[in-house]
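Working notes, structure below.
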Amino acid sequence: MNKTVSLLAGAMMSLGLMAGANAATLKMAYDADPVSLDPHEQLSGGTMQLAHMTFDPLVRWDRNLGFEPRLAEKWERIDDLTMRFHLRKGVKFHSGNDFTAKDVLFTFNRLRTSPDFKGIFAPFAELKVIDDHTIDLVTNKPFPLVLNNVTYLFPMDSAFYTGNDANGEPKDKLVKHGNSFASRQLSGTGPYVVSERQQGVRVDFTRFDNYWDTNSPGNVDEIVLTPIKEAPTRVAALLSGDVDFIAPVPPTDHKRIVSNDKVDLVTMGGTRIITFQMNQERVEAFKDARVRQAVAYAINQEGIVKKIMRGFATPAAQMSPEGYLGYNESLKPRYDLKKAKQLMEEAGYADGFTITMMAPNNRYVNDEKIAQAVASMLAKINITVDLKTMPKAQYWGEFDERAADMMMIGWHADTEDSNNFFEFLTACPDTDSGLGQYNSGNYCNPEADKMMHEANSETDPAKRAAIMQKIEQMLYDDAAYIPLHWQNLAWAARKGVNVEPVVNVMNFPYLGDLVIEE
């Protein structure tokens, strides 16, 4: 059975009727397990999924893309620069420590040191503690996305992460791709405690007995997460009953699931853009806009969507999906092989050149096949590609090192705002501010960045839209990167595992609210 979820579906609908269901165990399989237990180490979908299971944000997105109170019960604007948050009382961390404003301050300060997250919190001047359960977030300038950005703020247990570990290292030390205390130990306020973890093998979660949300209808007291990289194996595990819930489900397996009366397929239109970036510091030719444009004209987005994605994606010519303020409806995919060859000749590269390319093989739907297709398309304009693919746990380290000439990156704007794409993927890379943290192409357009900052301080939606649509046009004209498609979402579960009400366009299933009917 195929169930298509609308973004405007009622949040949590009739789940309250299920609150009396018996406790249950969920066996689930993702394409990979979390690379770390540190919520600030890696800004990725896997990290955010883990955070929603084991921590809680101040506010979170609801199914209508509105804001739902979590550790902040309510909020109010004090002045043009200040938003006051009233924190929930009586909340416990997994360690047994009480949650207070000092934990929010600790987390805010740590986020501002994270290479991946500090760009998100750059608009904020400070966080003021008013009392144990009241804080003020103060921005540098009027800022329209305070609540959007606060969805990233998952308070950490400041007492738990204070002091030194057995190796004499600070417990709050933030190490990318390293073996730190925070990457191995976790104390949040979320519905689940990590009870056992074998990296690359399984992660066991146990329901937190003192979880504050007693109104949650969730009845799952244990979760066993098993990473299964190969999609056919993952689907086979579901159909055989070895697991109850899987994600993602590649388009090639949809018919297989829909035809089985023991499982349900849940699908949703997605907003994650899949792209390739061209490293201008590694390849001299990529500094020439004509060469970048030639690459853009050589890539057949519609062909990739039709043949590889089986129609389960939307061809893209920009980062902002329809519905975002920055979406520029005039921009269309521009596949034109004749034009691509002409541009290569004009730039003096008619005979082509050789590049390296890297992509993950278990992060995005059909990522390896997409990379192979792009490599074949580039061969037609005499760009020879040395392609290497790898599991995402290894890929992110290579990506951070900018280890190849072209690298794949997918991005969902967790703020649901176009500027998030620009800040991370196309802004001039700047270690101090965190801007351009995922710009492996080292592309830099100061004019576009100036407009990006302007949009961040513009509170009029129509004016913001005009600014960001102009940025999209500039990036398109400059072939700053290669957009491929917006990836749709699909999950599958055995009947009785009611995943439909807890999945969302952000792809952060709120598993604490999951109800299983036996």
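The values are calculated or read from the model by the stated rules, or taken from the named source; none is laboratory data. Owing to the predicted nature of the structure, the values given are computational and were not obtained by experimental measurement. Every residue, glycine among them, receives a Cβ derived from its backbone with ideal geometry; neighbour counts consider all protein chains shown. When the accessible area is computed, the model is the full protein with side chains, heavy atoms only, and any ligands, DNA or RNA have been set aside. Shrake-Rupley method; radii C 1.70, N 1.55, O 1.52, S 1.80 Å.
Quick rundown of the values:
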| read-out | value |
| --- | --- |
| Computed lengthening from Q394 to D204, 0.36 nm per intervening residue step minus Cα-Cα distance | 66.2 nm |
| Volume per residue that the Cα convex hull of the range 310-466 spans, once the total is divided by residue count, Å³ | 149 Å³ |
| Rounded to 10°, Cα long-axis angle of helix 289-298 versus longest principal axis of the chain | 80 degrees |
| Of every Cα-Cα pair in the range 80-131, the percent that sits beyond 19 Å | 37 percent |
| Between the range 61-135 and the range 429-450, the Cα center-to-center distance that results, in Å | 27 Å |
| The range 136-202 versus the range 305-323: alpha-carbon centroid distance in Å | 34 Å |
| Those GluC sites (Glu not before Pro) in the range 64-139 that DSSP places in a loop and that have at most 13 other beta carbons within 10 Å | none |
| Heavy-atom accessible area per residue - the chain, 1.4 Å, Å² | 38 Å² |
| Cα-based Rg and Dmax for the range 403-514, where Dmax is the largest Cα-Cα distance (Å) | 17.3, 53 |
| Carbon plus sulfur fraction of accessible area for the chain, probe 1.4 Å, in percent | 46 percent |
| Modelled label reach - K306, point 7 Å along Cα→Cβ, the range 481-510 residues with backbone N closer than 20 Å | 483-488 |
| GluC sites (Glu not before Pro) within the range 358-433: DSSP coil, no more than 15 neighbouring Cβ in 10 Å | E401 |
| Accessible-area value, F93, 1.4 Å probe, nucleic acids and ligands omitted, Å² | 0 Å² |
| Over the chain: helical MRE at 222 nm, DSSP H runs n ≥ 4 each giving -39500 (n - 2.57), nearest 500 | -7000 deg cm²/dmol |
| Radius ratio Rg over Rh of the chain, counting only Cα atoms, Kirkwood formula for Rh | 0.96 |
| Ranked packing of 35-41, 391-397, 490-496, most packed first, by mean Cβ within 10 Å | 35-41, 490-496, 391-397 |
| Options G46, V365, Y395, ranked by Cα towards positive dipole end of the chain, top entry (Cβ charges) | V365 |
| Net charge of Cβ neighbours under 11 Å - reference K392; Lys, Arg +1; Asp, Glu -1 | -2 |
| Cα-centre dipole for the chain with unit charges at Cβ (Lys and Arg positive, Asp and Glu negative), debye to 20 | 1120 debye |
| Charge sum, other residues only, whose C-beta stays under 10 Å from F508's C-beta, Lys/Arg counted +1 and Asp/Glu -1 | 0 |
| Ordering of 190-201, 455-466 by burial proxy (mean other Cβ atoms within 10 Å per residue, highest first) | 190-201, 455-466 |
| Net charge of Cβ neighbours under 12 Å - reference A350; Lys, Arg +1; Asp, Glu -1 | -1 |
| Unit charges at the beta carbon, dipole of the chain: most positive-side option, H412, N179, G96 | H412 |
| Helix 101-111 axis, angle to the chain major axis (alpha carbon atoms, nearest 10°) | 20 degrees |
| Helix axis angle, 337-346 relative to the chain longest principal axis, alpha carbon, degrees | 70 degrees |
| Top positive-direction residue, dipole computed over the range 396-500 with Cβ charges, set S433, I471, L484 | L484 |
| Among beta bridges that DSSP assigns inside the chain, antiparallel share in %, nearest 5 | 70 percent |
